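The values are calculated or read from the model by the stated rules, or taken from the named source; none is laboratory data. Remember, predicted model here, so these are calculated numbers, not experimental data. Every residue, glycine among them, receives a Cβ derived from its backbone with ideal geometry; neighbour counts consider all protein chains shown. Areas reflect the complete protein model, heavy atoms only, side chains present, ligands, DNA and RNA absent. Shrake-Rupley method; radii C 1.70, N 1.55, O 1.52, S 1.80 Å.
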Amino acid sequence: MVSMVSGSAEPLSASGRSSEKLSLPSLQSKMKTDPEGYETELHLIRNQFYSALELFQQQAALNFSSISGVGADPTVAKDLSDRAMFLAHVTPFYPKQLAEFPSDLAAFLKSSARTLPSGLRFHATQAVILLVNRKIIDIKDTLSLFMELQTLDDRNLRKLAFSHVVHSIRRMNKNHKNEAKNRSLQNILFGLLQQDDEAKAKRSLITLCELHRRKVWFDERTANAICMACFHLSSRIMIAVLSFLLDYEKIENDDEDSDDLSSEDEMTQNPHVVISKETVYKAHHKGTAASKKKKKAKLQRAIRSMKRQQRLSSESSNCSYYSPLYHLKDAQGFVEKLFSRLQTCNERFEVNAFPDVSNLEDFTLPRVKMMMLKVIARTVGLHRLILLNFYPFLQRYVQPHQKDITNLLAAAVQACHDMVPPDAVEPLFKQIVNQFVHDRSRPEAIAVGLNVIREICLRMPL
């Protein structure tokens, strides 16, 4: 076994330069400028990497464990991570000598990721990302690996792997779209989304939603895959999909993985961005060169944020507001299946306000059911579908004291169009009149009832 030399403690001798001692960072710099003159050092470090890898795997086989992961000797993990990063940086300059290194590193990370110490795992992931960015490894060969890494209980690693996947696919589609490559990557994520494993399905869903929202994969296949995830066995996956469909531009990721994808998105979280003349003056005329550079960058982010807010507000107010539901191939089958699940749904994700009242289900609608109901109503309105059993279902809950009654009535209006038989909506229509428009009702309830009646009559003249 080749003896290992620490990159920070013991410097390396350069070929033909007995008096010159180099650390790993300085040796890496010199190798990039003169690859042929440092082949001896390259072979030495390459042998050290494989020796450290073998020693680490032996320790793992003997089941040396600690709180941070496998490996009783932290110096072994440190040497392994240092040399992995070093070789990843110099691989483009030694394609023949390091031909097997990228695949060996990816295979090691894939087989041992769950048992590695967090530091070594993070640096090994960074090394693989570096190789992918330099197109030494294809993203298609590592996509499953990076999706697997996102399921580990390591927040920093999860953010790194997620941002890498999104940025790599965005960069791949920046100049032109390779449909064959996109389709192969989509098939990997679609397969993960359909698995029963909730962690893998969740990470796949978040990735697909982010790419669709950013208009990278803005196609029917992606939109249909997201919509059909409503029927996943996991309730959490179903709720995440419903949230995305109801608020397409504001998908919520509980891990906040998308927060660091761009500073522009961070600026848009503040709805009150004000740019004053004083701010512009300070950015160009006050402070040092470094401080003025920071102020100008902050000013540009604020300007981009304001433009994006204006665009989003104009899109949301426009009648042609986009929704992934537009791309449904079988919209009728989708709403029928979702309505069937709504009728049998027993999910309750909110605390009851009146726990002592019996038969509370008769006049309250849980939050999850309300989300399903709104998606059904929106789909019926977009595609002008016929779902006759939906209106009697709504009628059960149309009462002034119903929680979120305004959302419920808005859903009722959305589900009405001129293709629906008037007889199907008439009982619901009478229920709204009887419950809201009478002399003992409050003025605000009467106003709501009259507005709903007017909207339904506009959509259904008969």
Out of all the residues in segment 173-203, which are buried (at least 17 other Cβ atoms within 10 Å of the Cβ) and aliphatic (A, V, I, L, M)?
185, 189, 192, 193, 201
Suppose we keep only residues that are open to solvent by less than 80 Å² (accessible area, probe 1.4 Å) and among the aliphatic types (A, V, I, L, M) within segment 254-288. Which one would you say is modelled with the highest pLDDT?
283
Go through segment 430-454 and give me each residue that's assigned to a helix (DSSP H, G or I), open to solvent by 60 Å² or more (accessible area, probe 1.4 Å) and not polar (S, T, N, Q).
430, 443, 444, 450, 454
Selection count where residues are in contact with a Leu (Cβ under 6 Å, 6 or more places away or on another chain) and among the charged types (D, E, K, R), scope segment 430-452
0
Being open to solvent by 10 Å² or more (accessible area, probe 1.4 Å), among the β-branched types (Val, Ile, Thr) and closer than 22 Å to residue 341 by Cα is the filter here; which residues of segment 387-428 pass it?
405, 413
Pairs please, first residue from segment 194-206 and farther than 16 Å from residue 243 by Cα, second anywhere and of a type outside the set (Val, Ile, Thr), Cβ atoms under 7 Å, 6+ apart in sequence or on different chains.
195/201; 196/233; 198/234; 198/236; 200/147; 200/192
Residue by residue through segment 123-149, note down the ones that are open to solvent by 10 Å² or more (accessible area, probe 1.4 Å), touching a residue at least 40 places away in the same chain (Cβ under 8 Å) and either of a type in the set (A, V, I, L, M, F, W, C) or outside the structural domain of residue 162 (by the TED database) (or both).
130, 136, 139
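One line per residue, one yes/no per condition, for (1) open to solvent by 80 Å² or more (accessible area, probe 1.4 Å); (2) modelled with pLDDT of 85 or more:
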| residue | (1), (2) |
| --- | --- |
| 23 | no, no |
| 29 | no, yes |
| 32 | no, yes |
| 41 | no, yes |
| 44 | no, yes |
| 53 | no, yes |
| 59 | no, no |
| 67 | yes, no |
| 72 | no, no |
